[in-house]
Structure formats: C-alpha cells, structure tokens
Amino acid sequence: MALRGRCWQIFARVKERRRDGVFRELLVAAGESASAEVLETKDRKEDGDENGDEEDAVERVLASLVDATCTAVPDDGSRTAVRDDASDSTPCTAVSPDTSFRRVRKQIDKDLPRTFPGHPLLDGIGRDALRRVLCAYALHNPAVGYCQGMNFLAALLLLLMEEEPAFWCLGALVEDVLPGYYGNTMLASAVDQAVLRTFVDSRFPRVGAALDDAGVPLAAVAGSWFLTLYVNHLPWEVALRVWDVLLFERTRRVLFQTALALIDVNAKRIVEGGRCDRLMECAVQIAPAQFDGSGEFILIFAWAI
Amino acid sequence: MSYAYLFKYIIIGDTGVGKSCLLLQFTDKRFQHVHDLTIGVEFGSRMVSINDRQIKLQIWDTAGQESFRSITRSYYRGAAGALLVYDITRRETFEHLSSWLEDARQHANPNMTIMLIGNKSDVAHKRQVSREEGEEFAREHGLVFLETSAKTSDNVEEAFINTASVICEKIDDGLDVSNESHGIKVGYGAGGTGANQGGFVNPGAAPRVGGGGGAAGQCC
C-alpha cells in the first residue's frame with residue numbers, strides 16, 4: 001500500500017484506535033460479508049512479507065516523529081469543537097440492524113455512485129468496499145450514523161489503504177479532527193464557517209463587504225471545502241497535501257489556512273465579480289481552475305498564513 | 001449583459017430527487033447520469049427572457065439530506081422563488097413535501113413563489129405518485145405545479161421560466177423590489193430600456209440604476 005496511506009495511519013493513531021475483531025463484527029451486524037482482504041489481514045501480519053522490516057523501520061521513524069511533534073503543535077483550540085448534542089453519547093458497537101440503520105444503508109447505497117463517479121478504482125469492487133466501511137462506521141458510531149460528505153472522506157482513504165485501516169482513519173477524522181461536523185445539526189461546521197468569516201473580515205475586508213453586498217454567506221463558497229476536506233475542490237495532489245497536514249496536526253488549522261490562501265489569491269476576482277452581480281460565478285471557480293497541477297503555489301500561501 | 005431584474009431561486013427537496021440534474025439541464029442543457037453528490041449548496045445562473053425583458057436567475061441548489069437542513073435554511077432568506085422537488089418514482093419524497101413546505105414557510109419571505117416539481121417523468125413505468133396527487137397537493141397549498149424530466153429536459157425550461165413569470169406578475173402587482181428579503185434586485189441597464197417601460201417597477205421603490213450599466217459589460 002501507498003506510503004502515504006501508511007503515514008496517515010500513523011498520524012491518525014490507527015494502531016491505538018484499532019480493536020481486534022471490531023470491524024469484522026460490525027460488518028456481520030451490517031449484513032455484509034467481510035472481503036477476503038479483511039479476513040487475511042491477520043495472517044499476513046504473522047507471515048511477514050518481504051518488505052516487512054523496511055516498512056517497520058519507516059513506521060518506527062514516523063511514529064517517533066509524531067510523538068516528538070504532537071506536543072510541539074500548540075493547541076489552537078481548533079481541536080475542540082462544538083459538538084452536536086446527539087454526538088455526545090459514546091459511540092457504541094453493539095447496535096443491531098434496525099429501522100434507522102436500514103434507512104442509513106439505503107442512503108449510503110444511493111450515494112455510492114455519486115462518489116467520484118467514473119473513478120477507475122471505485123468500480124464494483126471499490127464501491128463494495130466503500131459501502132462496507134460506511135455501513136460499519138454508521139453502526140459503530142450511531143450518533144453520527146452516515147452524513148453526506150463522509151462518503152468522500154472514506155473513498156479517498158480507500159484509495160490509499162485497505163478497508164480496516166480506512167475504517168479507523170475515518171473514525172479519527174470524524175471524531176478527533178472534525179467533531180460535530182457530521183452530526184444531526186452539523187453545528188460545528190456552521191461554527192467554523194463563522195470563524196472563517198471573522199478571519200476574512202479582518203484580513204480581506206473588501207471580500208467580506210462584497211459577500212455582504214451580494215447577500216452570499218461565506219459558507220456557500222467555503223462550506224463544502226471543509227465538509228469534504230477539499231477533495232472535490234482542489235487538484236488531487238494539493239488536496240492530498242492538505243490531508244497530510246490535517247492528519248499530522250490533527251487540528252483543522254490547515255483547512256482555515258488553505259481557505260484563506262484561496263481567498264487571498266482570488267480576492268480581486270471576487271470583489272470585481274461582486275460589482276456586477278457575478279460574485280458567485282467567480283467564487284465557484286476559485287478552487288479548481290486556478291492551479292493546473294502546480295499546487296505548491298497555494299500551499300506556500302497557506303503555510304504563510 | 002444588462003438585465004431588468006435578478007431573481008434568486010432556491011431548489012429544495014429530498015436527496016436524490018434530481019435537484020442538481022434539473023439545475024444542470026437548465027443552465028447547461030445537458031444531463032449527467034451520475035454526478036458528484038451535492039454537499040452544502042451549489043450555484044448556477046442563467047439569463048431568461050420574460051415578456052421581452054431580460055431576467056437573470058441566480059439559483060441555489062441545496063443538499064437534500066436531513067442533517068443539512070439547518071445549513072440550507074439560511075438560503076431561504078432572500079429567495080424570490082423556490083423549486084420544491086420530489087421524485088415521482090419514490091413515494092416517500094412526496095410524503096416529505098409538507099415538512100419542506102413548513103421549512104419554507106418558516107424561513108422564507110411570505111412572498112416567495114413556490115413551484116412544485118414532480119421530477120423523473122421519463123420513468124413513468126416506475127411511477128409511485130400520480131400526476132393528480134401532485135396537482136392536488138399544489139392546489140391545496142397554493143403552489144404552481146409541473147412534472148419534469150431532467151433527463152429528457154421535458155418541462156425543465158418551463159419550471160424555471162414559469163416561476164419567473166409569476167414573480168414578474170407579483171412585481172407588476174406592486175411587490176416591493178427594494179426590499180432585499182424578497183430576493184429581487186433591480187439589474188444593470190434597467191433604467192433606460194428595461195424595467196421602467198414595462199411597468200415592473202414599484203413607484204415607491206428606489207431602483208439602483210445607472211452606475212452599473214456601463215460597467216457591467218466590462219466586468220468579468
């Protein structure tokens with residue numbers, strides 16, 4: 001599996017999160033058969049493969065790096081978030097499929113073909129894996145269940161790692177990095193947009209004024225950037241770099257930095273668009289069109305913020 | 001391009017009823033069988049002509065899943081028109097209409113024009129909601145009604161344009177276009193050749209004309 005996928009698992013503390021057999025039990029509860037890959041995971045570990053030693057070494061170095069820096073990253077408050085009332089209940093794993101799960105399952109089925117349609121790895125087999133991870137997670141954390149947006153996160157994880165680690169990584173994202181984002185009311189998402197708005201007002205007041213004049217909430221532009229962690233809005237390579245930092249820092253700081261960088265680069269265009277009632281026409285283009293694969297540009301901007 | 005008015009629309013309804021496909025068919029005249037799921041809101045715009053008058057439609061397409069309701073509610077405010085969409089092949093999407101309507105009544109301005117849309121008329125063999133039921137619901141709640149197919153484009157133009165016509169009639173009848181919460185903005189170039197000739201402008205309103213007229217062509 002991709003080195004990046006391995007790094008993300010270390011950043012997300014998958015080893016610490018993982019509990020033996022839980023994923024498989026959830027699949028059974030969801031009425032899913034585990035893929036051969038899930039069943040094999042354990043055996044393969046015991047056998048040890050050719051690159052085992054080398055990979056273990058990489059893992060050890062990365063893990064020590066995470067340990068060394070996790071204290072160094074100041075807690076800027078973005079790690080804690082407003083939680084939905086509903087998500088306060090502890091995630092439990094002992095829920096049998098009932099009416100509400102059937103509803104969730106139906107929704108997931110409906111959204112599978114609408115997740116990166118046409119991507120070669122999300123064919124029949126890839127889609128089955130995505131359904132299993134999302135269904136298992138919905139049962140694992142019924143307070144969140146399944147909320148649209150999570151499909152994109154799980155799909156991206158599955159492109160870089162196997163099902164079970166993807167399941168635990170999804171948990172790390174939903175519970176640690178984005179708590180309250182995918183709950184009943186998505187309150188934390190609204191709060192972050194309000195926070196972003198205050199940043200925009202203080203750094204780019206003309207953009208803030210243009211948004212007000214056009215009657216456009218900032219969330220109309222940036223809401224889905226955060227909810228999908230940019231996977232639908234930036235070229236892949238750039239989005240992956242944002243995820244690297246997001247998972248490494250385990251705070252949402254990089255989401256804000258990237259948003260402010262995008263707005264900074266496009267401020268003139270947004271303000272001019274606003275002058276002729278074309279603010280949204282301009283704003284919807286600011287994420288994908290700009291970079292042409294050379295994403296370093298926006299990242300350099302983001303780090304400077 | 002100059003236009004007499006800008007109308008804000010919002011498209012609402014359960015997830016998967018075809019809201020984004022309706023918008024795409026209307027703005028781009030194409031149908032995409034599979035497309036990425038809408039997260040939050042998406043946006044589209046198009047110019048239409050109503051009684052020889054150019055109207056710019058600015059359309060907000062919203063996510064349909066229940067958990068997004070609190071997010072999408074903020075888009076009701078300042079909308080002149082709403083397309084409330086259900087899927088004629090899925091009964092539950094019709095049954096949820098009342099709750100959507102309640103949301104709209106609560107959060108939108110009372111003058112908002114609501115068009116009820118029964119989408120996917122091309123898959124009539126899987127129909128679970130009859131046209132008569134749709135008509136009945138619309139009559140009961142004072143909505144305009146159409147069945148559409150975003151796939152074949154049947155009635156899609158009409159859905160957006162008829163809504164605009166109704167809004168124009170309301171303006172003719174004296175709806176205050178200077179009140180921003182009505183979702184109507186007097187457009188660029190409206191001063192000389194646009195609204196004033198058609199009697200669309202409320203005498204009491206102070207339309208913003210002039211200034212922008214020349215600039216609009218150069219901008220963007």
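The values are calculated or read from the model by the stated rules, or taken from the named source; none is laboratory data. Predicted model, so just to flag it, every value in this text is computed and none were measured. So basically every Cβ, Gly included, is an ideal-geometry build from the backbone, and we count neighbours across all protein chains shown. Ligands, DNA and RNA are stripped out before the accessible areas are found, and what is left, the full protein with its side chains, is counted by its heavy atoms. Shrake-Rupley method; radii C 1.70, N 1.55, O 1.52, S 1.80 Å.
For segment B:51-70, filtering for residues that are open to solvent by less than 10 Å² (accessible area, probe 1.4 Å) and within 16 Å of B:Glu157 (Cβ to Cβ) leaves 3. Scanning segment A:169-184 for residues that are open to solvent by 10 Å² or more (accessible area, probe 1.4 Å) and over 22 Å from A:Ala259 (Cβ atoms) returns A:Glu175, A:Asn184.
Would you check which residues across segment A:110-144 are among the β-branched types (Val, Ile, Thr), within 23 Å of B:Gly64 (Cβ to Cβ) and assigned to a helix (DSSP H, G or I) and list them?
As a first pass, look at segment A:110-144 and keep what is among the β-branched types (Val, Ile, Thr): A:115, A:125, A:133, A:144.
Now restrict to residues that are within 23 Å of B:Gly64 (Cβ to Cβ): A:115, A:133, A:144.
Selection gives A:Val133 alone.
Among the residues of segment A:247-259, those identified as surrounded by 21 or more Cβ atoms within 10 Å (Cβ to Cβ) and in a helix (DSSP H, G or I) are A:Leu247, A:Val254, A:Leu255, A:Thr258, A:Ala259.
Check every one of the strands (runs of 3 or more DSSP E) wholly within segment B:46-143 and list those with 1 or more residues that are within 14 Å of chain A (Cβ to nearest Cβ) and within 21 Å of B:Ser181 (Cβ to Cβ).
B:53-62
Confirm whether B:Gly118 is on the phi < 0 side of the Ramachandran plot and open to solvent by less than 10 Å² (accessible area, probe 1.4 Å). Can you show your working first?
Numbers: on the phi < 0 side of the Ramachandran plot: yes; open to solvent by less than 10 Å² (accessible area, probe 1.4 Å): yes.
Answer is yes for this residue.
Applying the criterion of being more than 19 Å from the chain's Cα centre (by Cα) and closer than 20 Å to B:Glu42 by Cα to the residues of segment A:221-266, the residue that is modelled with the lowest pLDDT is A:Asn266.
Scanning segment B:143-173 for residues that are open to solvent by 40 Å² or more (accessible area, probe 1.4 Å) and either modelled with pLDDT under 95 or of a type in the set (D, E, K, R) (or both) returns B:Lys151, B:Asp154, B:Glu157, B:Glu158, B:Glu169, B:Lys170, B:Asp172, B:Asp173.
For segment A:148-168, name all the residues that are part of a loop (DSSP other than H, G, I, E, B) and buried (at least 24 other Cβ atoms within 10 Å of the Cβ).
Filtering segment A:148-168 down to residues part of a loop (DSSP other than H, G, I, E, B) leaves A:148-149, A:161-162.
Those that are part of a loop (DSSP other than H, G, I, E, B) and buried (at least 24 other Cβ atoms within 10 Å of the Cβ): A:Gln148, A:Gly149.
Report whether or not A:Glu272 is in a helix (DSSP H, G or I) and at the interface with another protein chain (Cβ under 10 Å from one of its Cβ atoms). Spelling it out, A:Glu272 is indeed in a helix (DSSP H, G or I) and at the interface with another protein chain (Cβ under 10 Å from one of its Cβ atoms).
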